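The values are calculated or read from the model by the stated rules, or taken from the named source; none is laboratory data. All of these numbers come straight from a predicted model, not from anything done at the bench. Cβ coordinates were reconstructed from backbone atoms using ideal geometry, including for glycine residues, and neighbour counts include every protein chain displayed.
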Amino acid sequence: MNVKKIIASLQKRSGAFRLIKIAAAVVILAIGCSILLKILPYKQLNFFLTREYSTRIYDRKKNLLQVTPLKNGLRREYVPIKEIPRDVQKIFIKAEDKRFYFHGGIDLIAVVRSVFLNASNKKNVSGASTITMQLAKIINATYENQNNEYQSKVKRNISKKIYEAFCALKLEARFSKKEILELYLNSIPFGNNAEGVMSASRLYFGKEISSLDEQQIELLSKIPRRPSFYSPKNKYQYPYFMPHLVRYLKDNDYFLNQKKIKSRVYKSDVPYEINLSVDFDVQSYAQTCADDAIKEAEFSRISNISVLVMDVQTGAVLAWVGSNDFNDNESNGQIDGVRFKNQPGSSIKPFLYALALDNGVVKPTDVIADVPVEYGEEKAYIPFNFNNRFNGPVRLRVALASSLNIPAVKILDETGIDVFADKLEELGFKDIKVNAEKTGYALALGGGEVSLYEFVPAFSVLARDGKYIPLKFLSGTDEKKEIRGKSKQVYSVDTVRIIDSFLSDKGARSLGFGYYQTFETKYPSIFKTGTSNQFQNITALGATPRYAVGVWMGNFSGETVIGKTGSSLPAYVAKTILDYLENFDELDSIPFEEPKKYHKEKICSLSGKKPGENCRTTLTEYVKNGEALESCTWHVKKGNKVKTVFPAIYQQWYLLNQNKYSEDVELNYMDSELKILSPRNKSVYFYDEYSRFNQSIQVEVIGGSEEVIEIFVDDQPYRTSGRPCAFDIPMEKGVHYIRAVCGNQEKVVSYDVR
């Protein structure tokens with residue numbers, strides 16, 4: 001064996017091993033440095049990664065509604081790197097750092113060139129900052145501005161450069177190139193309160209970054225070098241639509257967990273983009289209608305209006321007008337009328353009628369006695385209709401459609417105040433139950449306070465076969481899944497369909513409102529209006545199987561309005577918005593469906609019972625399948641004439657209106673059990689010394705099997721009365737008892753005069 005060859009071979013191997021060792025040492029050193037750079041503290045970066053970005057708020061069609069400002073009006077909008085156009089990325093890299101993808105944070109070629117050029121010209125003519133170093137500078141400056149620390153540590157320019165270079169190495173060790181570029185493009189200061197390429201694009205060109213052409217991108221890349229030179233001549237006006245809704249969503253944490261920045265490095269809980277369920281076209285139309293209504297109501301002392309529009313099938317909010325002018329400080333325009341609680345007046349009645357139908361308290365064929373009546377004990381409640389008239393027998397359909405008060409209070413009395421309050425709470429009215437006892441019988445007439453925020457989704461139940469779903473504010477979610485998780489059946493399907501028939505019946509509405517043209521639509525619709533008892537609030541609700549609209553008008557100050565009862569102007573606004581929505585939609589109108597377990601049957605138009613041969617007029621009404629109607633006893637043939645005989649409950653109403661009727665009308669005083677209508681048992685009266693000669697208590701008794709009724713006061717015979725039995729007795733202090741005796745029937749009530 002050749003010894004020289006062996007030695008040469010060993011030497012070669014030794015050299016190769018030495019090279020491997022050196023290479024391994026370099027790799028280990030590089031890995032160690034990388035690990036060290038990654039774990040070294042960088043508090044400026046931690047602070048930077050948690051700073052807030054502006055939120056872009058869009059409607060369902062990607063119309064921009066707002067870009068939320070940060071401190072001092074700054075806009076800093078985040079855009080994920082995958083949504084930043086490639087041309088933008090390329091042009092900024094070309095302008096700032098051509099070898100961005102080929103260095104580790106420091107471009108040594110650029111450093112050498114910079115040193116040579118600056119030395120040759122004896123002044124700074126070229127820098128060597130990479131994109132990573134510029135990002136480090138931005139990060140450190142952000143922390144410095146907040147904490148005033150970095151400035152005290154490094155004052156000289158050369159020291160700053162070295163420190164920025166070191167920080168750039170730490171950034172390269174922590175993030176990928178794409179992540180560094182993403183942070184950089186979203187953080188570049190462009191002057192004029194704009195940071196990041198999206199805000200700069202909007203400010204300088206009035207466009208989003210995706211809409212810029214190459215020339216505009218080139219110009220945008222130059223602006224950070226001299227922001228003051230490129231200051232826009234015409235300042236971009238950021239949109240500021242739907243401020244009430246946006247404020248509500250922010251205050252109630254709807255922005256949290258919605259499209260947060262998905263970058264591995266960003267740590268903020270504030271989303272950079274929100275897509276709302278609202279439709280800007282619908283919002284604009286609703287706002288225009290609201291503005292027009294306020295102008296028309298100028299002489300009625302009405303200064304505020306609010307509108308809420310929703311999609312009935314999904315609960316999605318389509319429009320939210322908190323007030324006609326957010327900036328109208330004189331009229332408290334920043335108050336959100338959608339959430340402002342007011343007395344709804346008669347608008348609440350459909351929920352009571354639906355509950356009574358569901359609970360079997362009433363039937364569609366029932367006739368309600370619209371007659372003088374008194375409720376309560378110590379606190380007497382005497383309801384009156386808005387026109388101060390008593391209408392006698394009124395069919396259930398007419399009582400609701402014409403919004404009569406006395407029938408509603410009677411139904412509440414039979415249904416139960418607490419039961420109704422529970423149902424209202426189930427419908428989303430939060431504070432009604434708490435104050436139900438205090439509100440008492442006035443609850444039937446809208447005595448509690450509610451908001452459009454609660455009212456519109458509750459009213460939409462009537463257009464959704466009795467199912468309640470809450471309002472939905474965000475688009476892009478699984479609507480069917482969301483509805484399944486939150487919907488609840490609060491009324492039976494058939495009950496709601498009957499109520500829809502009542503509310504859409506213009507003939508039934510005529511008793512209270514005449515043939516009111518405002519409610520006339522070319523598509524199936526339901527409406528309900530209400531006015532608070534002091535005319536402070538006027539409300540209107542309208543719905544189709546697709547849309548629901550709520551409108552409130554009044555004054556946030558509580559000042560009463562000037563005008564007639566009812567809600568003609570809000571009703572017109574609601575109807576006009578529904579017209580727009582139904583015409584705007586290309587689908588054909590959807591009808592309200594018929595109840596499944598009911599059929600239409602002829603009834604006597606006066607008694608609501610099965611018509612007989614003597615009944616003069618008939619009409620059709622819903623009758624439950626398998627239910628047999630009682631025969632009408634109100635129309636009786638006596639001799640050659642057919643007479644209308646009203647039941648005893650109509651005694652006082654009949655006496656008040658007797659001169660209006662011909663001899664063909666009578667009252668059957670004895671068609672029921674003996675009953676003392678007045679005074680009501682356990683009533684409390686208060687004696688007035690100054691009016692003692694004019695004070696008396698009215699006694700009214702109906703029913704019984706005999707023509708004569710004996711009246712005892714405090715067990716002493718007081719009067720023997722024929723029919724009608726109605727008279728007054730003097731008012732004397734103390735607890736008293738009235739006993740009525742008719743044949744073998746007897747009734748006793750007590751009352752207290754204080």
Practice prompt. Among the helices (runs of 4 or more DSSP H) lying completely within the range 41-157, list those that include at least 1 residues that are basic (Lys, Arg) and modelled with pLDDT under 85.
Written response: 108-121, 150-153
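Every residue, every condition in (1) of a type in the set (Val, Ile, Thr); (2) touching a residue at least 40 places away in the same chain (Cβ under 8 Å), yes or no:
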position: Thr288; (1), (2): yes, no
position: Val307; (1), (2): yes, yes
position: Thr314; (1), (2): yes, yes
position: Gly322; (1), (2): no, yes
position: Asp325; (1), (2): no, no
position: Phe340; (1), (2): no, yes
position: Ala354; (1), (2): no, yes
position: Val361; (1), (2): yes, yes
Discussion item. If I go through the range 191-235 residue by residue, how many of them are surrounded by 20 or more Cβ atoms within 10 Å (Cβ to Cβ), of a type in the set (A, V, I, L, M, F, W, C) and touching a Phe, Trp or Tyr at 6+ places or on another chain (Cβ under 9 Å)?
Written reply: 9
Discussion item. Among the residues that make up the range 592-602, is at least one of them surrounded by 14 or more Cβ atoms within 10 Å (Cβ to Cβ), outside the structural domain of Arg497 (by TED's automatic domain parsing), without any contact (Cβ under 8 Å) to a residue 60 or more places away in the chain and closer than 30 Å to Ser284 by Cβ?
Written reply: no
Fill in: Residue list for the range 592-627, filter: more than 26 Å from Phe527 (Cβ to Cβ) and touching a Cys at 6+ places or on another chain (Cβ under 9 Å)
Cys604, Leu606, Ser607, Lys609, Lys610, Pro611, Gly612, Asn614, Cys615, Arg616, Thr617, Thr618
Fill in: Any pair with Cβ under 9 angstrom, 6 or more apart, that starts in the range 176-188 at a residue that is farther than 19 Å from Arg75 by Cα and assigned by TED's automatic domain parsing to the domain that holds Ile131 and ends at one that is aromatic (Phe, Trp, Tyr) and crowded, with 22+ Cβ neighbours inside 10 Å
Leu181/Phe92
Worksheet item: Any residue at all in the range 729-750 that is modelled with pLDDT under 90 and surrounded by 13 or more Cβ atoms within 10 Å (Cβ to Cβ)?
Response: yes
Discussion item. So, in the range 68-97, how many residues would count as being surrounded by fewer than 20 Cβ atoms within 10 Å (Cβ to Cβ) and within 24 Å of Gln146 (Cβ to Cβ)?
Written reply: 7
Worksheet item: Do we have Asp418 as closer than 23 Å to Phe384 by Cα and charged (D, E, K, R) here?
Response: yes
Item to complete: Could you pull out the residue among Glu663, Glu710 that is free of Cβ contacts under 8 Å to residues at least 24 places away in the same chain and either within 27 Å of Pro647 (Cβ to Cβ) or within 52 Å of the chain's Cα centre (by Cα) (or both)?
Response: Glu663
Discussion item. For the range 699-738, give me each residue that is of a type in the set (D, E, K, R) and farther than 13 Å from Lys675 by Cβ.
Written reply: Glu706, Glu707, Glu710, Asp714, Asp715, Arg719, Arg723, Asp728, Glu732, Lys733
Worksheet item: Restricting to the range 701-724, what's the tally of residues that are part of a loop (DSSP other than H, G, I, E, B) and β-branched (Val, Ile, Thr)?
Response: 1
Fill in: Unique match (being at pLDDT 85 or above and touching a helix residue (DSSP H, G or I) at 6+ places or on another chain (Cβ under 8 Å)) among Pro591, Pro545
Pro545
Item to complete: Output the residue which, of all residues in the range 273-289 that are more than 16 Å from the chain's Cα centre (by Cα) and in a strand (DSSP E or B), is farthest from Ala319 (Cα to Cα).
Response: Glu273
Discussion item. Give me the strands (runs of 3 or more DSSP E) completely within the range 539-658, filtered to those with at least 3 residues that are under 30 Å from Gly704 (Cβ atoms), ordered by residue number.
Written reply: 635-638, 641-646
Item to complete: Could you tell me which of the residues Leu49, Leu37 is among the aliphatic types (A, V, I, L, M) and either within 42 Å of the chain's Cα centre (by Cα) or surrounded by fewer than 19 Cβ atoms within 10 Å (Cβ to Cβ) (or both)?
Response: Leu49
Practice prompt. Go through the residues of the range 388-395 one by one and say whether even a single one is β-branched (Val, Ile, Thr) and touching a residue at least 12 places away in the same chain (Cβ under 8 Å).
Written response: yes
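Residue-by-condition table, conditions (1) crowded, with 20+ Cβ neighbours inside 10 Å; (2) outside the structural domain of Val317 (by TED's automatic domain parsing):
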{"site": "Glu582", "(1), (2)": "yes, no"}
{"site": "Lys609", "(1), (2)": "no, yes"}
{"site": "Leu619", "(1), (2)": "no, yes"}
{"site": "Glu627", "(1), (2)": "no, yes"}
{"site": "Phe646", "(1), (2)": "yes, yes"}
Worksheet item: Within the range 405-424, which residues are modelled with pLDDT of 95 or more and more than 17 Å from Val361 (Cβ to Cβ)?
Response: none
Discussion item. The conditions are (1) assigned to a loop (DSSP other than H, G, I, E, B); (2) assigned by TED's automatic domain parsing to the domain that holds Asn537, and Val373 fails exactly one of them. Which is it?
Written reply: (2)
Worksheet item: Quick one: which of Gly376, Gly446 is under 25 Å from Gly337 (Cα atoms), small (Gly, Ala, Ser) and at pLDDT below 90?
Response: Gly446
